[in-house]
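Contents: one structure, followed by commentary.
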Amino acid sequence: MIWPYGKRLLLLLCLVTGVSQLSGLARAQGSPAEAPQWHRLPGTAVDISINSAGQAYAVAPDGTPWRWDALEQRWRRMSGRFVRITAAEANRPWAVDADGVVFRYNGLWWENKDTDVADVAADALGNVYIAKVSGEIKKWNPLRSEWRPLEGTARRLDLDRAGHPWVVTGNGRIRAFDGKTWTDLPGLALDIAANGDDTVVIADAGGELRIWNAAENRWALVPGIHNVSAVAAAPDGGPWAVVEGGVIMATTLLVIKERIKTKEGHAPKAVAPQAQAPQASAPVDSASLAVASALQAAPATPETPTAPPAQARPLTAPAQTAGSPAAAPPAATGTEAAKPATVQPDSGLTASMDPTAITAKGPITFVNTRKTASNLAIGKDGSVFGLDAGGNVLRWSNTRRRFEGFPGTLARIAVDPGGNPWGISTLGRVFRHTGELWKQIPNAIGSDIAIGGDGTVMITDATGGLYRLNAAMTRFERIPGQGLVVAVAPDGTPWTIRSDSLVQRCGGSPCRVLPQKATSIAIGPDGSVYVVSDRSPLMRLGADGETFEMVQTPGHTPLRVAVGPNGYPWVVTSAELVLASAFFEREEAQDRAVAAGTAGDTTGSGSTGAVVDLPSSTGFTFSKNMKFDTYSTVLTNFSSLIVGRNDEVYVYGEKGGQQQQLPLTVLLHFNSKTKAFEETSISFPTDVEQIGVDGNGNFWGFKSGTVYKLNSKGTLSKTYSVVSGSANSLSIGADGKVHIVVGSTLYLLKTGTNAFTKFSNDDVKKVAVGRAGDLWILDDNNIVQQYTGTKFENRPLGQSIEGSAIAAGTDGTIYITHWNGSKMQLRKWNAANKSFDTVNNVEADKVGVDSSGRPWIAYTSMNNDVKRAKD
């Protein structure tokens, strides 16, 4: 036979030495001479199935279906929740859910095919049978899309090579159908499986595994395992079994060799596959394995049986950064390719058998996704969620290689083991997504949130208190420990970052402080602990469990970190670019439907609280005695101080004309290199009273009755007509929403719309939009207020603090200027204490805030200079 060079996919069945002989002995002599070599597979299950093409499936204890990847030797998660599953033709399994509904997977979703079903069996030829709850047996007719009854009863069933059913009846009796008549077989069984070489295996009533011996008309015992509850058979007849605790055991390992290269006139030589360490689940002892081709009449024997070599790397292996998802990864030494991994966890409940709990081997290779986010969280199932600059929820799509919108606006985000997002709104309210809608956790107020691989949910509050969600998911209960930022280990142990930036493990009381400062922390389902240090490098907890070692991210400065299955991190950089070290394969077919069908919102009701950040040791840090740099301007009449959402700083006003000429209205831009305000060419069609700059660098100007939008070059791109009245305020959120105050009424232009609409009936004078749409105003009496989702409330609550100007940063910082009766004070909202802190030794009547919380101020009653707070 001549094999096409490099074109043929060959299924290699790795047979434990003696398994083939075992099957023959069982059929010929009634019992094997010795036990076969059993191998424990990753994960846990309640049901398993394999067809004659070697396609294997399992249902985990939580109902999640999984497909075996023979190339990468791991389970791949599928959608749905079931109790029984069967392999079928063309990777299109059938499954039964807990309600007795039988489904067929069409490649994108599960199609409902019938109800009141107890079991389903199919084969690679297209035959499908079901056992109804009543015991009735039916066969699927695909041409008419209907079920046809078959004489007999069954509770469990499977199909032999001819497509005929072998069944276990409701009272445990075993029967076989030959296409015409039923034959009663000896013994009692719990489960039954058949496969291509006409091997039939059962889990008998005592939990033992047996193979049918047709010659002696008896079930031969297969030693080595006990307490069997579910069975399957590989194409060569090698049995698989689910034993006590859901552990999956196998005598045959299904392995696919991706390409077989041969010389003309020579048969392909069977070669043991290379171990895929980053993707592999549990280690397999294959030193005694031989390799055979299931596609040939007689099994081929390799010249030299080869065990899959283990591949390892030092924990401190340097990370590498590629330019884009399509970029070729850098080469690595040896046989190990240094490329971003594509991994998928199992849903087994035992940590030692759950592939998500196995730390990947090989160098960490970061890929620049070219997408942006301000925050990230990764679930145990590999679901990646993020927040954009405006707090809008994002969900990563592997298929489309981008983030897609998901309903909700949050300040913090986490993902539970089932792939559902949780979060904290800018008002401190806690929400969870059920898979269908957003629900608020009643009376819960938090500042940060994290979820462990075991499902433990923790929050911190603005004062550093640490709380754990109770089992009923009705309230958070105070536990020992404290910190502002929280992460949760797979066993539910909280780790936190204190207000002084020190990392600590709170497994007991008091928490154990580690010698490391950080600004971000995340823990993967494998237990890998990553932090972004207070000096910005990405770091990983070392083998000693006490010290951290640097993970290089060349060309990028990490800002935040999230960790997914197998310890693969994702990073948000200081430029808010997202770097990924692995793309976690998962079933995404329903993602858009879930997003589109989501009910509820993340507004909520009830009490509010503060979402606070750690103070920065490398950038700006607030102080009541902060110092300022001073920069002069050419303005003679100072109108506006603007800090754009891109952190560019502008001033707007008039500069004096020459001789008898009228003053000129100009927009000045702060040049961070020359440290000076320079005149720009930006000019609106007419003089405006308010100016703003959005995150894309577009300029917005507001005058009575009109709002102008210029692009970053100053070209007019759109004009909006609004209600006539005094143009008192303009503020732009990080999400692009534009708020204006006309007279004493607040209006809003949502992104993607063409008209400003009235926001509320409250009397408003000034408006400022902060983190995740956090809305603050000065009302018509200049009282400082914050929007709670349903109304504006005084801040502090119960007090009436007046302001003359107000500004908000995307980090949540709020500043006001306040007349105390003798001077104009600069005040900052202290979210933890729920009060305003006064900045000493400075006066201001205008203020802006950049994304780091740094104030820019002017005191135009004295001069037209601009001051910038020093680090």
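Yes/no per residue for (1) modelled with pLDDT of 90 or more; (2) of a type in the set (Gly, Ala, Ser); (3) more than 35 Å from the chain's Cα centre (by Cα); (4) more than 24 Å from Arg592 (Cα to Cα):
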| residue | (1), (2), (3), (4) |
| --- | --- |
| Val96 | yes, no, no, yes |
| Asn106 | no, no, no, no |
| Ala118 | yes, yes, no, yes |
| Ala124 | no, yes, no, yes |
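A single entry from Lys138, Lys180, Lys132, Lys113 fulfils the requirement of being surrounded by fewer than 23 Cβ atoms within 10 Å (Cβ to Cβ), without any contact (Cβ under 8 Å) to a residue 12 or more places away in the chain and on the phi < 0 side of the Ramachandran plot: Lys180. For region 378-395, give me each residue that is open to solvent by less than 10 Å² (accessible area, probe 1.4 Å) and in a strand (DSSP E or B). Result: Val384, Phe385, Gly386, Leu387, Val393. Could you list all residues from region 74-92 that are hydrophobic (A, V, I, L, M, F, W, C) and closer than 18 Å to Pro61 by Cβ? Passing the criteria: Trp75, Met78, Phe82, Val83, Ile85.
Go through Ala35, Ala58, Ala45, Ala70 for me and flag whichever is aliphatic (A, V, I, L, M), under 30 Å from Ala215 (Cα atoms) and either open to solvent by less than 30 Å² (accessible area, probe 1.4 Å) or modelled with pLDDT under 90 (or both).
After ruling out the rest, the residue left standing is Ala35.
Inside region 695-724, residues that are open to solvent by 30 Å² or more (accessible area, probe 1.4 Å), outside any strand (DSSP E or B) and aliphatic (A, V, I, L, M) make up a count of 1. Could you pull out the residue among Val167, Val228 that is at pLDDT 95 or above and in a loop (DSSP other than H, G, I, E, B)? Among Val167, Val228, only Val228 is at pLDDT 95 or above and in a loop (DSSP other than H, G, I, E, B).
When Pro490 is tested against (1) in contact with an Asp or Glu (Cβ under 7 Å, 6 or more places away or on another chain); (2) within 21 Å of Ser607 (Cα to Cα); (3) open to solvent by 20 Å² or more (accessible area, probe 1.4 Å), exactly one condition is not met: (2). With a requirement of 2 or more residues that are open to solvent by less than 40 Å² (accessible area, probe 1.4 Å) and within 22 Å of Tyr859 (Cβ to Cβ), the strands (runs of 3 or more DSSP E) lying completely within region 782-831 that satisfy it span 805-808, 814-819, 824-830. For region 493-510, the candidate set comprises residues that are surrounded by 15 or more Cβ atoms within 10 Å (Cβ to Cβ) and of a type in the set (S, T, N, Q); within that set, the residue that is farthest from Gly567 (Cα to Cα) is Ser499. Do you know which residues across region 396-407 are open to solvent by less than 20 Å² (accessible area, probe 1.4 Å) and in contact (Cβ under 8 Å) with a residue 60 or more places away in the chain? Residues satisfying the conditions are Ser397, Phe406.
So is Arg412 crowded, with 23+ Cβ neighbours inside 10 Å, under 14 Å from the mean Cα position of the chain (by Cα) and of a type in the set (D, E, K, R) or not? Write out each step before concluding.
On the way: crowded, with 23+ Cβ neighbours inside 10 Å: yes; under 14 Å from the mean Cα position of the chain (by Cα): yes; of a type in the set (D, E, K, R): yes.
Judged against the criteria, Arg412 is a match.
Of all residues in region 119-162, those satisfying the criterion of being farther than 21 Å from Ala203 by Cα and assigned to a loop (DSSP other than H, G, I, E, B) are Ala124, Leu125, Gly126, Asn127, Ser134, Pro142, Leu143, Arg144, Ser145, Ala162.
When Arg535 is tested against (1) in a loop (DSSP other than H, G, I, E, B); (2) in contact with a Pro (Cβ under 9 Å, 6 or more places away or on another chain), exactly one condition is not met: (2). Within region 496-532, the set of residues being among the polar types (S, T, N, Q), in a loop (DSSP other than H, G, I, E, B) and over 22 Å from the mean Cα position of the chain (by Cα) comprises Ser499, Ser501, Ser509.
Out of everything in region 437-460 that is of a type in the set (D, E, K, R) and at pLDDT 95 or above, what residue ends up being nearest to the chain's Cα centre (by Cα)? Restricting to residues being of a type in the set (D, E, K, R) and at pLDDT 95 or above, the top hit is Asp448.
For region 832-867, give me the residue count where each residue is more than 28 Å from Ile445 (Cβ to Cβ) and in a loop (DSSP other than H, G, I, E, B). Qualifying residue count, region 832-867: 9. Of the strands (runs of 3 or more DSSP E) lying entirely inside region 548-666, those carrying at least 1 residues that are aliphatic (A, V, I, L, M) and surrounded by 22 or more Cβ atoms within 10 Å (Cβ to Cβ) are 548-551, 558-563, 569-573, 577-580, 582-584, 637-643, 649-655.
Checking each residue of region 756-766 against the condition of being modelled with pLDDT of 95 or more, among the polar types (S, T, N, Q), open to solvent by 40 Å² or more (accessible area, probe 1.4 Å) and not in a loop (DSSP other than H, G, I, E, B) gives at least one match.
Out of curiosity, is Asp544 charged (D, E, K, R) and loosely packed, with under 14 Cβ neighbours inside 10 Å? Yes.
Within region 239-253, restricting attention to residues that are within 30 Å of the chain's Cα centre (by Cα) and aliphatic (A, V, I, L, M), which residue is most open to solvent (accessible area, probe 1.4 Å)?
Checked region 239-253; the qualifying residue most open to solvent (accessible area, probe 1.4 Å) is Val247.
The values are calculated or read from the model by the stated rules, or taken from the named source; none is laboratory data. Note that the structure is a prediction, hence the values are computed from the model and not measured. Neighbour counts are summed over all protein chains in view; Cβ atoms, including those assigned to glycine, are modelled from backbone coordinates with ideal geometry. Heads up: the accessible areas ignore ligands, DNA and RNA and are worked out on the full protein's heavy atoms, side chains in. Shrake-Rupley method; radii C 1.70, N 1.55, O 1.52, S 1.80 Å.
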